[in-house]
Amino acid sequence: RDLNLETSQTVFVGTYLSSEARERFKVDYDLFNTGLMKLPCDLPGFAFRKAKLGIERMLKTLTHCAAESKKRMLQGEDPSCLIDFWMQEMVRVTAESKTPPPHSTDEEIGNYLFDFLSAAQDASTSSLLWVVTLLDSHPDVLRKVREEVSRIWSPESDVLMTAEQLREMKYTQAVALEVVRYRPPATLVPHIAVEDFPLTEWYTIPKGSILFPSVYESSFQGFREADRFEPERFSEERQEDVIFKRNYLAFGAGPHQCVGQRYALNHLVLFIAMFVTLLDFKRHRTDGCDEIIYTPTISPKDGCMVFLSRRCPRYPNFTLN
């Protein structure tokens, strides 16, 4: 979780978060996560109140990040993180139209950043846990991933993986897709029926109803031998992601499909490639360790406890580049 939070903070807000702010952010995010699963009792000392105060502090911090980014982009500096690219575009639009675009105040951008960080944090952490769990229990898949990555990238090169190299890792991409299908992080996605909706011939969902479609259950419908963890289903030969597209709903569908889908999958592929290349790992298995718990995304019951050891002769030194 801490590794994932560090990654998402760097991608979204970069150096605008100081070391002290990152530590405070980590504490507040843990308070937010804990309070999210507790009774909504807004009184001093209760987890919900602590979560509420933590959110306020995080939003204040992210609003400051937005303001600092806007200053840099107004000065014509190069963007270095996601918020810079947003601000660069807003500065351009404002200069052309003489008015800022709607919903572009520092406070609003801070809120958007919090939404992105929240989505990136919990869902991606869930997938990282499951990929380690599933690779440990499927050594044949692990072997194929390692063989593919070794043909494309070497830690001895001291060079960061490129986007082009990630695109070459077809099998590793299939593993990432299968992890998300087999263990979709967000199992339920609430909806509100804006009009009467005929679900079947015999039942119509009334307007205003709150629905909780199961993304988890849809992932096990349609796919061939859906209960098996089988990355080959996403190969060019089988193309089950195309054939059963309507059942692959981990990122939603249509106009409301998750805007962070590509980031999440690239992040997962990069993690897999780096993790299996640099480290050997062995799961500490206990009774029921693979059972699913909700936190609120899903994770293995034991939190995926593993023993780690270095696999490569030496770790890469990226400071050389």
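The values are calculated or read from the model by the stated rules, or taken from the named source; none is laboratory data. Values in this document were obtained by computation on a predicted structure and should not be read as measured data. Here the Cβ positions follow ideal geometry from the backbone for every residue, glycine too, while neighbour counts run over all protein chains shown.
Just give me the residues in the stretch 176-222 being aliphatic (A, V, I, L, M), under 30 Å from Gln121 (Cβ atoms) and outside any helix (DSSP H, G or I), in sequence order. The answer is Ala186, Leu188, Val189, Ile192, Ala193, Val194, Ile210, Leu211. Scanning the stretch 167-177 for residues that are more than 12 Å from Glu232 (Cβ to Cβ), surrounded by fewer than 20 Cβ atoms within 10 Å (Cβ to Cβ) and not acidic (Asp, Glu) gives a single hit, Arg167.
Applying the selection to the stretch 82-128, what residues are among the acidic types (Asp, Glu) and either in contact (Cβ under 8 Å) with a residue 60 or more places away in the chain or within 15 Å of Asn4 (Cα to Cα) (or both)?
Going residue by residue through the stretch 82-128, those that are among the acidic types (Asp, Glu) are 84, 89, 96, 106-108, 115, 122.
Asp84, Asp122 - these are the residues of the stretch 82-128 that are among the acidic types (Asp, Glu) and either in contact (Cβ under 8 Å) with a residue 60 or more places away in the chain or within 15 Å of Asn4 (Cα to Cα) (or both).
Can you find even one residue in the stretch 246-261 that is within 23 Å of the chain's Cα centre (by Cα), assigned to a strand (DSSP E or B) and farther than 19 Å from Arg183 by Cβ? Step through it out loud before you land on a result.
Keep residues of the stretch 246-261 that are within 23 Å of the chain's Cα centre (by Cα), which gives 246-261.
Those still in the list that are assigned to a strand (DSSP E or B) too: none.
Within the stretch 246-261, not a single residue is within 23 Å of the chain's Cα centre (by Cα), assigned to a strand (DSSP E or B) and farther than 19 Å from Arg183 by Cβ.
Looking only at residues of the stretch 262-306 that are of a type in the set (Gly, Ala, Ser) and part of a helix (DSSP H, G or I), we find that the one that is farthest from Thr162 (Cα to Cα) is Ala264. For the stretch 1-25, the set of residues classified as within 20 Å of the chain's Cα centre (by Cα), in a helix (DSSP H, G or I), surrounded by 15 or more Cβ atoms within 10 Å (Cβ to Cβ) and not aromatic (Phe, Trp, Tyr) consists of Asn4, Leu5, Thr7, Ser8, Gln9, Thr10, Val11, Val13, Gly14, Arg22, listed by residue number.
Please work out if Glu230 is over 17 Å from His191 (Cβ atoms), at pLDDT 95 or above and surrounded by 17 or more Cβ atoms within 10 Å (Cβ to Cβ). Steps first, please.
Details: over 17 Å from His191 (Cβ atoms): yes; at pLDDT 95 or above: yes; surrounded by 17 or more Cβ atoms within 10 Å (Cβ to Cβ): yes.
Here the answer is yes, as Glu230 does meet what is asked.
Please determine whether any residue of the stretch 43-53 is out of contact with any Gly (no Cβ under 9 Å at 6 or more places or on another chain), under 28 Å from Gly252 (Cα atoms), crowded, with 19+ Cβ neighbours inside 10 Å and at pLDDT below 95.
So in the stretch 43-53, the residues out of contact with any Gly (no Cβ under 9 Å at 6 or more places or on another chain) come out as 43-45, 53.
Adding the requirement that they be under 28 Å from Gly252 (Cα atoms) leaves none.
The answer is no; no qualifying residue exists.
Scanning the stretch 40-81 for residues that are within 15 Å of Tyr112 (Cα to Cα), touching a residue at least 40 places away in the same chain (Cβ under 8 Å) and part of a helix (DSSP H, G or I) yields Ile55, Met58, Leu59, Lys60, Thr61, Leu62, Thr63, His64, Cys65, Ala66, Ser69. Within the stretch 139-175, the residues that satisfy the criterion of being small (Gly, Ala, Ser) and either modelled with pLDDT of 95 or more or assigned to a loop (DSSP other than H, G, I, E, B) (or both) are Ser150, Ser154, Ala174.
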